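To start, the structure itself, in structure tokens.
The values are calculated or read from the model by the stated rules, or taken from the named source; none is laboratory data. Values in this document were obtained by computation on a predicted structure and should not be read as measured data. Cβ placement follows ideal geometry from the backbone for every residue including glycine, while neighbour counts extend to all protein chains displayed.
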Amino acid sequence: MSNQLERYKYDVVIIGAGGAGLRAAVEAREAGLSVAIVCKSLFGKAHTVMAEGGVAASMGNVNESDNWMVHFRDTMRGGKFLNNYRMAELHAKEAPERVWELEVWGALFDRTKEGKISQRNFGGHEYPRLAHVGDRTGLELIRTMQQRIVALQQKDGRDHGDAEKFIKVFAEVTITEILKENGKVSGAYGYRRENGEEIMFEAPAVILATGGAGKTFKITSNSWEGTGDGHALALKAGGHLIDMEFFQFHPTGMVWPPSVRGLLVTESVRGDGGVLTNSEGKRFMFDYIPDVFKDKYADNEAEADRWYTDQANNRRPPELLPRDEVARAINSEIKAGRGTEHGGVYLDVSKRLPADVIKKKLPSMWHQFYELAGVDITKEAMEVGPTCHYVMGGAWVEPDTAAVIDVPGLFAAGECAGGMHGSNRLGGNSLSDLLVFGRRAGLGAVEYVKSNGANPVTDGSVVAAAAKIEAPFNNPGSENPYALHHELQETAHNLVGIIRTKAELEEAIAKIADLRARAKNIGVSGGRQFNPGFHLTFDLDNMLLIAEAAAKSALIREESRGGHTREDFPKMSPTWRQVNNITTWNGSSIAVEQKHLPDLTKELFGLFDIHELEKYMTSDELSQSRGGSN
Amino acid sequence: MARTMKLRIFRGNSKDGGLQDVSVEANEGEVILDVIHRVQAEQIGDLAVRWNCKAGKCGSCSVEINGKPRLACMTQVASFDEAETVTITPLRAFPVIKDLVTDVSFNYKKAMEVRAYEPPADLKPGEARMQQIDVERSQEFRKCIECFLCQNTCHVIRDHEENKKSFAGPRFFIRLAELDMHPLDTLRNRKQSAQEEHGLGMCNITKCCTEVCPEHIRITDNAIIPMKERVVDVKYDPLRWLGSVIRKREGIN
Amino acid sequence: MAIDSDTKTSKTGVFSQGRAKLAARTYRTDKWWIQPAITAGVLFLFIVYATYRAFENGKYFAAPLISPFYSPCLAQNCVKGSTSFVGTFFGTWHVFGMTVSPSLFILIFPLAFRMTCYYYRKSYYRSFWMSPPACAVAEPHKKYTGETRAPLIIQNGHRYAFYAGLVLNVFLTIDAVQAFRNAQGQWGHMSVGTLVLTANASFLWLYSASCHTCRHTIGGRLRNFSAHPIRYKLWGWVSVLNHKHQEFAWISLFGVAFADFYVRQVSGGSIRNLYFF
């Protein structure tokens, strides 16, 4: 069998061709390495295209007061100080350069009057900070990266006579396993979705850039690809996940019609003046401003309205609170019976902006509602509700190199890596995260490969990996993968959703264990050629891991923070702030351990007003970090 | 408000296949991709369809519905009569892999043939200055989601396999136009190469690409025809040619 | 569930090897053939009428109205009073003993303009040449080379036809102005004919101004609009008109035919050119 196996040798294999994966590929290739880019979809279709609002970078093009320190502060506040401070620091410092280099590669962002890259307001960001192209920034980013890859390939073609000699894209390939020899990464194994045939990459370094895991939930803005593959691969390779209880429910997903339920309604709608009201017509967000944000957000409509034209002298409208706050507020309104006919709230931009401006600033939103819901957002309000959008938790990595801890040769960047966003991600910080840490993962892999060299795959590993792929076809079982997936989504949504309780989480853990047992009996019909039932079997296995990690971490964290809300522990706890939940897979179940979060350095600590930190930290921490000197 | 929908779906691969009749439930507000998924989940587990975002943003689920190239995720069930049998086939300009999935590698090959953006050599990151009005034309073309419906409907290759060698197709004509209109691109032979290498002259502007574009990019009016006119400027207009010779001699430009 | 797998052996286009084995040229269920059929029908009728009128060599002048098919009238054999102010430098031509209609000297220009027009190209390639007859409907031709070689490479000369069209527009505008006279040549009068010629000239200007070549010339060829604010403004206006180029193409075609028909009827005496004042 192994003589028919399609095998390749590369320096680096990158799993995932979204923003992070492609940025890593560029970095690795420019450093002279050979790179395989492997993705489940066609090249250029990654979920990055769905990002609408923009990429956050403190370039200061619109407001000169902006700089990396302000961005860092906003990011930490948004994440409720659970962020890995080093990642947040690197991110804030490097984001502007990453955006500018996109422009050198051909990206065409919207412009300011002076001809610089324009920046827009977004929830949680103190200044207009998001570089954007209308509301299709993600598409611009993915296309630019894709074209950058092509440019590098063309150069290889001119220099070496073969464009695909050093970078090759393997589209529609699923990776099922990270191969290891002698405790280090040796490659990756998977199959071609097109024909089911197996494929093996031998490489000393593998970068995970697989994105999110939203498909674990029923209502999600994620596409079918968001099945937590990178998370699962890291776990199975002996790595760990960090803070898997934190899922971001984006406050505004479509709620009607059912077939598009969950589809994202960009935050730019609110950034550009959209207002949230309940069925009684009340602009309810004023009732939900948490104490920690009271001095930054307007408490009356007049001031909030003035902010759109005069941001220096007014506080921001509460519609622009961080996403977790807005999502919980909407959830409460709906639960209190003040929701719309289809179980959402109203988001209205039609009374705020003229029709032509709406169509110019929010073109894809206009299309999305017009074509899928029959709603003209220049004339009427949208109905929106929370949708599972982003997982803050992810592979536990070294901040500077993106190396997955405990798995030499494995790296992770983007949504599948954890730590950067703490308990809640700010809008716009995702695209910048992809670029900053995609590049760093590429660099990390380059360093690693240079000092470690090849690590050949043994036949034994190949046979074992092949057997796992063959398994579902040999299974006489009668479980239907689609039905199991549906049940898992219901369980995750109902029991591990926006609001959680001890009892429900325990129930979820039991149900997930039951589903895992049943998943062993999945029988697949049809052949290997492009067989979606077969594909789902592997995705399902990954999502079961995600759900289990999320439920178990959520059960342990007895507080409410960011993307984790416990009805039985509704307050933020300064002691829990010091804790990361680290999950490990032992082959049959997930174990969760607590680790102390790294402390802010004195320099970074000094960026904050001490009174602000008092809201988050214990008095011990405060006196220690102050170190007596400042 | 469920209804029954009658479908005829292509089942098969590059060697064999045909249309198969299926009856499936459809709910209010659903799109064709929803009912295909229901067929997949309940009746034909291995029915192959390519899809991704299900929001008209990634351009994966391109198929032909009642003979028209469309995105399955943006085609409402409600736009068809209940009595009607709706035919769903794979794209017919490309080789089929299985069922509704086609081999679109032609397009990636063509993408590789278009020379990348070439910024001024001394342009430092962060120093680019461009006016909004100067980037807007190219921005329209960058809306392209690469669904390849334009490529699929273009008769130059759909009806003439042999033209695939020498014809890049509408998707790459807008790419060429994007670059030729880019305020900072320094490659000056894009017009010539559009005509000589990418087959712009094969296009007879019958506008089917524009008709099927789900992003409503005005491919023909805003990209192909302007490129044809630019080609005339450098290749077929003796007066402009004379003008450029004189300008060169006088040291203008 | 029946598998319908009739296969065709033809090996071109959508029936090429490797493509999905589907028997029909198209699975479109709408009446896709109506549009090309109407286009072909109307264009055909226009061609018949225009050809007849071009060779008729009569009934094209009824002071102060001149048919757009015969203006500017540049031959010596133009009927009295209809000759253009620029002169009769074509003299009189005879072919096989027959006098050549003065119409033929000028009709060739609007014909060239419309034949090479980007909109008309689309419509006649579709409706007459069926290349393709409609989107996603297989065309009947075995080979296709587009506009890459003779004779169709001539389409690249559209801009010269456009320039000629502009010159003709000037003449027809002068004709419309001249129509503000009575039959005795006195100014300050207005008739139905005045309206017809004025409308005709206006439609022709709109057709020319909305033309793709016009859009290119006025600003489309620029790389940086911001360096040419006036041309950018003009380009913006022409772009708005360009959206309606198809409509203007048809309206102006009917307009010119109707103006000719009106002058013919007046000249032949079957109707009277009604004066408002």
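Points worth noting:
- Test: residue in region B:114-130 that is farther than 22 Å from A:Arg111 by Cα, surrounded by 20 or more Cβ atoms within 10 Å (Cβ to Cβ), more than 7 Å from every other protein chain (Cβ to nearest Cβ) and touching a residue at least 24 places away in the same chain (Cβ under 8 Å): yes
- A:Glu447 in the same structural domain as A:Asp541 (by TED's automatic domain parsing) and closer than 16 Å to A:Val12 by Cβ: yes
For every residue, the table says whether it meets (1) in a strand (DSSP E or B); (2) in contact (Cβ under 8 Å) with a residue 40 or more places away in the chain; (3) at the interface with chain A (Cβ under 8 Å from one of its Cβ atoms); (4) more than 27 Å from the chain's Cα centre (by Cα).
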site: B:Leu19; (1), (2), (3), (4): yes, yes, no, no
site: B:Val22; (1), (2), (3), (4): yes, no, no, yes
site: B:Val35; (1), (2), (3), (4): no, yes, no, no
site: B:Gly56; (1), (2), (3), (4): no, yes, yes, no
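- Any hit, region B:30-52, residues being closer than 26 Å to C:Ala134 by Cβ and of a type in the set (Gly, Ala, Ser): no
- Residue in region A:53-102 that is nearest to A:Lys296 (Cα to Cα), counting only those that are of a type in the set (Asp, Glu) and surrounded by fewer than 22 Cβ atoms within 10 Å (Cβ to Cβ): A:Glu64
- Sole exception among (1) at pLDDT 95 or above; (2) more than 18 Å from the chain's Cα centre (by Cα) for B:Pro125, by number: (1)
- Residue that is surrounded by the fewest Cβ atoms within 10 Å (Cβ to Cβ), among those in region C:100-123 that are within 14 Å of chain B (Cβ to nearest Cβ) and aromatic (Phe, Trp, Tyr): C:Tyr120
- Scanning region B:27-39 for residues that are modelled with pLDDT of 95 or more and farther than 19 Å from A:His485 by Cβ gives a single hit, B:Ile32.
- Candidates are the residues of region B:181-204 that are facing chain C (nearest Cβ under 9 Å) and surrounded by fewer than 21 Cβ atoms within 10 Å (Cβ to Cβ); the one that is farthest from A:Arg148 (Cα to Cα) is B:Pro183.
- Residue within region A:332-343 that is touching a residue at least 60 places away in the same chain (Cβ under 8 Å) and buried (at least 19 other Cβ atoms within 10 Å of the Cβ) present: yes
- Flag if A:Lys40 is surrounded by 19 or more Cβ atoms within 10 Å (Cβ to Cβ), without any contact (Cβ under 8 Å) to a residue 24 or more places away in the chain, within 14 Å of chain B (Cβ to nearest Cβ) and among the charged types (D, E, K, R): no
- Where B:Gly243 falls short, out of the listed (1) facing chain C (nearest Cβ under 10 Å); (2) more than 21 Å from C:Glu147 (Cα to Cα): (1)
- Check on A:Val185, closer than 28 Å to B:Ala116 by Cβ and not charged (D, E, K, R): no
- In region A:366-400, the residue that is farthest from the chain's Cα centre (by Cα) out of those that are of a type outside the set (A, V, I, L, M, F, W, C) and in a strand (DSSP E or B) is A:Glu383.
- Qualifying residue in region B:131-142 (condition: within 9 Å of chain A (Cβ to nearest Cβ) and in a loop (DSSP other than H, G, I, E, B)): yes
- Taking each residue of region B:213-241 that is farther than 19 Å from B:Glu146 by Cβ and looking for partners that are aromatic (Phe, Trp, Tyr) and modelled with pLDDT under 95 with beta-carbon atoms closer than 8 Å, six or more apart or interchain, yields B:Val234/B:Trp241.
- Residue pairs meeting the criteria (Cβ under 7 Å; at least 6 apart or on separate chains; first under 18 Å from B:Pro119 (Cα atoms), in region A:102-114; second of a type in the set (Lys, Arg)): A:Trp105/A:Arg148; A:Leu108/B:Arg142
- Looking only at region A:124-166, residues that are basic (Lys, Arg), buried (at least 20 other Cβ atoms within 10 Å of the Cβ) and within 11 Å of chain B (Cβ to nearest Cβ) come to 3 in all.
- The single condition among (1) more than 8 Å from chain C (Cβ to nearest Cβ); (2) on the phi > 0 side of the Ramachandran plot; (3) crowded, with 22+ Cβ neighbours inside 10 Å that B:His216 does not satisfy is (3).
- Boolean, B:Val39 is more than 18 Å from A:Ile219 (Cβ to Cβ), more than 9 Å from every other protein chain (Cβ to nearest Cβ), out of contact with any Lys or Arg (no Cβ under 9 Å at 6 or more places or on another chain) and surrounded by fewer than 23 Cβ atoms within 10 Å (Cβ to Cβ): yes
- In region C:221-244, the residues that are surrounded by 14 or more Cβ atoms within 10 Å (Cβ to Cβ) form Cβ pairs under 7 Å with partners that are at pLDDT 95 or above and among the β-branched types (Val, Ile, Thr), at six or more places apart or across chains, as follows: C:Phe225/B:Ile133; C:Ser226/B:Ile133; C:Arg231/C:Ile218; C:Tyr232/B:Ile133; C:Leu234/C:Ile218; C:Trp235/C:Ile218; C:Val238/C:Ile218.
- B:Ala93 within 14 Å of chain C (Cβ to nearest Cβ), at pLDDT below 95 and in a loop (DSSP other than H, G, I, E, B): no
- Filter result for A:Gly414 (over 17 Å from A:Pro258 (Cα atoms) and in contact with a strand residue (DSSP E or B) (Cβ under 6 Å, 6 or more places away or on another chain)): no
- Cβ-Cβ distances below 8 Å connect the following pairs, each with a first residue in region C:82-95 that is among the small types (Gly, Ala, Ser), a second residue that is modelled with pLDDT of 85 or more and not in a loop (DSSP other than H, G, I, E, B), and a separation of six or more residues or different chains: C:Ser82/C:Phe61; C:Ser82/C:Ile66; C:Ser82/C:Tyr70; C:Ser82/C:Cys73; C:Ser84/C:Cys73; C:Ser84/C:Phe171.
- Looking across region B:58-81, the residues that are under 18 Å from B:Leu47 (Cβ atoms) and more than 14 Å from chain C (Cβ to nearest Cβ) come down to B:Ser60, B:Cys61, B:Leu71, B:Ala72, B:Cys73, B:Val77.
- Comparison of A:Leu362, A:Leu410, A:Leu353, A:Leu347 shows that the only residue that is of a type in the set (A, V, I, L, M), touching a residue at least 24 places away in the same chain (Cβ under 8 Å), touching a helix residue (DSSP H, G or I) at 6+ places or on another chain (Cβ under 8 Å) and within 14 Å of chain B (Cβ to nearest Cβ) is A:Leu362.
- Residue check, B:Asn163 touching a helix residue (DSSP H, G or I) at 6+ places or on another chain (Cβ under 8 Å), free of Cβ contacts under 8 Å to residues at least 40 places away in the same chain and either surrounded by 21 or more Cβ atoms within 10 Å (Cβ to Cβ) or part of a helix (DSSP H, G or I) (or both): yes
A quick yes/no check of all residues on (1) within 14 Å of chain B (Cβ to nearest Cβ); (2) farther than 25 Å from C:Tyr70 by Cβ; (3) at pLDDT 95 or above:
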site	(1), (2), (3)
C:Ala183	no, no, no
C:Met190	no, no, yes
C:Ser210	yes, yes, yes
C:Ser226	yes, yes, yes
C:Gln246	yes, yes, yes
C:Ala259	no, no, yes
C:Val266	no, no, yes
